[in-house]
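> The structure follows.
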Amino acid sequence: MPDMQRIIIVGSGGAGKSTLARQLGECLEIPVTHLDTVFWQPNWQPITREELIAAQQHIMTHPRWIIDGNYSATLDIRLQAADTVIFLDMPRWLCLWRIGWRRLQYHGRSRPDMRAGCNEQLSWEFVRFVWDYPQSRRPAILARLATAHHLRRIILRSPAEVARFLTELGAPRPADGADKMRYNA
């Protein structure tokens, strides 16, 4: 696998973006930024688009970084600066199951990839976003990736593919026993 220094990870809610970012960060020894921790202030108060742009531009002044999160209004900024994009194109049912499980797992507290004071919640609006993602967001992301010719584009479609990808990078093998992977470079 060619050298990856500036990586963005995108995909539906519940696709595993933050988990993969942490695993890649440990494996490649690259600092990780979860955009949710940048965008959301305590009590789920959002920052402005301008503040989000400035924060991302600051992160991207460093030579090595991993940024996970969608925030499509600022995706082009990350695409221009990255050398690698990983799209977690997971099945809808898996993403829905994961957001439900995450809500139970972190009930009453913030999860590790979220700012303190943003206790885990699950709204019907977010469930609808995840449900609609394959039709509403996926085509636009694939179209953007198709025109980003300078990028190494990796599309992972299952937890097994993610595990295999990490194994090929030299990360410790996850316990779920992955055995197949497809990625586009």
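The values are calculated or read from the model by the stated rules, or taken from the named source; none is laboratory data. These figures come from a predicted structure and were not determined experimentally. Counting neighbours? That spans all protein chains shown, and the Cβs are built from the backbone with ideal geometry, glycine included. Side chains are part of the model used for accessible areas, which takes the heavy atoms of the whole protein and leaves out ligands, DNA and RNA. Shrake-Rupley method; radii C 1.70, N 1.55, O 1.52, S 1.80 Å.
> Taking only C-alpha pairs under 8 Å that are 6+ residues apart, what is the relative contact order of the chain in percent?
The value is 28 percent.
> On the protein heavy atoms, probe 1.4 angstrom, tell me the percent of accessible surface of the chain carried by carbon and sulfur.
That fraction is 54 percent.
> Quick check: Cα centre of region 27-57 to Cα centre of region 120-141, how many Å?
So the separation of the two Cα centres works out to 20 Å.
> Quick one: the Cα spread of region 99-149 along its three principal axes, in angstroms, biggest first?
That gives 41, 23, 15 Å along the principal axes, largest extent first.
> OK, next. As an exercise, find the ratio Rg/Rh for the chain from alpha-carbon atoms, using the Kirkwood inverse-distance average for Rh.
When Rh is taken as the Kirkwood radius, the ratio is 0.93.
> Now for a different question. Excluding residue 89 itself, calculate the net charge of residues whose Cβ lies under 9 Å from the Cβ of residue 89, where each Lys or Arg counts +1 and each Asp or Glu counts -1.
+2
> Rg/Rh for region 52-106: what does it come to with C-alpha atoms and Rh from Kirkwood?
With Rh from the inverse mean 1/r over Cα pairs, Rg/Rh is 1.08.
> Can you work out the accessible area per residue across region 40-185, with the rest of the protein chains kept in place, probe 1.4 Å, in square angstrom?
Using a 1.4 Å probe on heavy atoms only, each residue of region 40-185 averages 57 Å².
> Beta carbons within 10 angstrom, averaged per residue: use that to sort the peptides 121-134, 157-170, highest first.
157-170, 121-134
> Against the globular-protein guess of 2.2 N^0.38 Å, express the Cα radius of gyration of region 1-56 as a ratio, rounded to two decimals.
1.28
> For the chain, give the magnitude of the charge dipole about the Cα centre (Cβ charges: +1 Lys/Arg, -1 Asp/Glu; no others), in debye to the nearest 20.
380
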